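These notes are about the structure you will find just below.
Read-outs: derived from the displayed coordinates by stated rules, not from any lab. Please read all numbers here as calculations on a predicted model, not as lab measurements.
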Amino acid sequence: MARVQKTEVSAAGLDGSGDFEAVFRATLARIEADARSIRVPMLELSAAVGISRANMSRWKRGAPATVRKIAELQAEIRRRQAGGGTD
């Protein structure tokens, strides 16, 4: 497994500095743009790495539940850091 660089963690919003859901959407958009630039359909690329057509369609409509939950965790941490307590 490749080592994750600190800058990659920060860019992905995993360090609490960003919105993980927004990063997910931006990353998906960048991947789609890259696929267009090399003239390879997203369905072909998705299939090559084992992502189903249904998943790609769902991801375009909204971030997966796991990504949304991570975004909620980030929001909760920010709320508590701002003195929001544990309510």
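Which of the residues that make up segment 61-83 are within 12 Å of Glu21 (Cα to Cα) and among the charged types (D, E, K, R)?
Filtering segment 61-83 for residues within 12 Å of Glu21 (Cα to Cα) gives 62-75.
Selection gives Arg68, Lys69, Glu72.
Among residues of segment 22-51 being in a helix (DSSP H, G or I) and among the β-branched types (Val, Ile, Thr), the one that is farthest from Arg68 (Cα to Cα) is Ile31.
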